[in-house]
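Structure first, then comments.
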Amino acid sequence: MENNMFLEFLASLQRLFVGYIPAAVLGSFIGYFIGMNSMVYQIFRRIFQIPHSIPPIALLPITLLVFRESEAAAIVVIFFGTLWTVIINTAIGLRHFHRQNKNFRVAIFHIFHALKVGIWVAWFTVIAIEMLLGPKGLGFFLWDSYKTGNIDSIIEAILYIGIIGFLLDQLLDFAAYILSQMVSDSKKSS
């Protein structure tokens with residue numbers, strides 16, 4: 001990977017993690033509390049479906065008006081796009097956890113599924129925002145390559161975007177596997 005592509009890669013990952021990590025943490029806590037009570041779950045799941053139904057990129061114009069700075073607006077869009085996804089999927093996971101006699105492996109699976117869906121939404125949003133706003137990131141590189149008609153760079157950018165998305169997904173799968181093994185091992189030893 002040439003130096004310029006490496007900088008684009010770093011810019012995209014920075015934008016991703018600055019928006020995703022706080023949304024994943026906050027969304028997991030809110031989803032946990034919603035998923036603990038069946039009645040609260042039924043009420044809030046429907047309420048949170050409304051903002052969850054809005055494509056995150058649709059929030060970009062309003063965040064640009066509010067923040068007047070593209071980087072802050074982008075981070076807020078990534079945050080909110082991820083937040084609703086993580087809340088809903090974590091709450092669903094906690095409901096499954098309670099239905100299956102508090103099986104911690106089920107809870108781990110569902111919580112990490114929520115984190116995976118959240119990172120997919122965040123990654124898609126990062127690329128779309130970079131294509132719209134630029135001036136850096138893999139999405140910008142992809143769009144700029146399209147505007148200049150450079151097919152090789154378009155394919156290269158798409159491959160990097162896909163590989164990074166795949167690696168992020170696999171990283172969360174690996175973390176879920178390790179955690180579920182730790183839970184299994186601790187149950188065997190007690």
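The values are calculated or read from the model by the stated rules, or taken from the named source; none is laboratory data. Not measured: the values here are computed from a predicted model. What goes into the accessible areas is simple: the full protein's heavy atoms, side chains included, and nothing from ligands, DNA or RNA. Shrake-Rupley method; radii C 1.70, N 1.55, O 1.52, S 1.80 Å.
Summary of values
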{"quantity": "Region 129-144 - phi-based ³J(HN,Hα) in whole Hz, Karplus 6.51/-1.76/1.60, Gly and Pro as x", "calculated": "5, 5, 5, 7, 9, x, x, 8, x, 5, x, 5, 4, 4, 5, 5"}
{"quantity": "Highest-fluctuation residue, Gly19, Gly35, Gly165 considered, GNM on the chain with Cα pairs under 10 Å", "calculated": "Gly165"}
{"quantity": "Choice from Asn101, Asn37, Asn89 with maximal GNM fluctuation in the chain (Cα, 10 Å cutoff)", "calculated": "Asn101"}
{"quantity": "Percent accessible area from carbon and sulfur atoms, the chain, protein chains only, probe 1.4 Å", "calculated": "70 percent"}
{"quantity": "Average projected area [Cα convex hull, region 1-140], square nanometres", "calculated": "8.9 nm²"}
{"quantity": "Degrees between helix 38-52 axis and first principal axis of the chain (Cα, 0 to 90, nearest 10)", "calculated": "10 degrees"}
{"quantity": "Most mobile of Ser53, Ser180, Ser70 in a GNM of the chain (Cα contacts under 10 Å)", "calculated": "Ser53"}
{"quantity": "Nearest-ten-degree value, helix 70-99 long axis tilted from longest Cα axis of the chain", "calculated": "20 degrees"}
{"quantity": "Intensity falloff of region 94-145 expressed as log10 I(q)/I(0), Debye formula with alpha-carbon point scatterers, at q = 0.14, 0.22, 0.23 Å⁻¹", "calculated": "-0.51, -0.72, -0.76"}
{"quantity": "Whole-Hz ³J(HN,Hα) from phi, Karplus 6.51 cos²θ - 1.76 cosθ + 1.60, for region 112-125, glycine and proline x", "calculated": "6, 5, 4, 5, 5, 4, x, 6, 5, 4, 4, 5, 4, 5"}
